[in-house]
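First the structure, in the form of structure tokens, and then the observations on it.
The values are calculated or read from the model by the stated rules, or taken from the named source; none is laboratory data. A quick note: this is a predicted structure, and the numbers were derived from the prediction, not measured. Glycine also receives a Cβ, built like all others from the backbone with ideal geometry; neighbour counts cover every protein chain displayed. Ligands, DNA and RNA are excluded from the accessible area calculation, which covers all protein heavy atoms including side chains. Shrake-Rupley method; radii C 1.70, N 1.55, O 1.52, S 1.80 Å.
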Amino acid sequence: DMLFSRLNFVFGPSAVPALGLVDQRAVTRVTSPSGRTAYQVLGSSGKPYTCYSSCHFCTCPAFGFTVLQKSESLLCKHILAVYLSQALGACQELSVSEEQLTSILLAEEEDEG
């Protein structure tokens, strides 16, 4: 309860949904042979979002709006879920080719464009 209270205090409304994503094992670490890594988090809508923990970025609309535009939050629930999954050893693992990783990353750009 103490840890949950601290998470909730620091991360506010992102804490509970992020813990739910970790519980659902919705975080997948995607790696390629070159060592490039990205995380895919299956959002509550069923849409996968790509997160980059190395640069603290997520492709979800909430990140763009509440984190980048309005500076109301430090992160979205997807990035928090990535960090919690890493800490708890709860990430799914997926090894893909360089081409597959490129396709995953480009699919996000096409969705946004």
Original post:
Across segment 53-65, which residue is most open to solvent (accessible area, probe 1.4 Å) among those that are among the hydrophobic types (A, V, I, L, M, F, W, C), within 12 Å of HIS78 (Cα to Cα) and not in a loop (DSSP other than H, G, I, E, B)?
Top reply: PHE57
Original post:
Across segment 11-52, what is the total count of residues that are open to solvent by less than 30 Å² (accessible area, probe 1.4 Å) and either part of a loop (DSSP other than H, G, I, E, B) or aliphatic (A, V, I, L, M) (or both)?
Top reply: 11
Original post:
Going by the structure shown, is SER71 over 22 Å from PHE9 (Cα atoms) and loosely packed, with under 14 Cβ neighbours inside 10 Å?
Top reply: no
Subject >> Single condition VAL16 does not satisfy, out of (1) among the β-branched types (Val, Ile, Thr); (2) modelled with pLDDT of 95 or more; (3) over 21 Å from LEU94 (Cα atoms) >> reply: (2)
Original post:
Is it true that LEU84 is open to solvent by less than 30 Å² (accessible area, probe 1.4 Å), among the aliphatic types (A, V, I, L, M) and either in contact (Cβ under 8 Å) with a residue 60 or more places away in the chain or in contact with a strand residue (DSSP E or B) (Cβ under 6 Å, 6 or more places away or on another chain) (or both)?
Top reply: yes
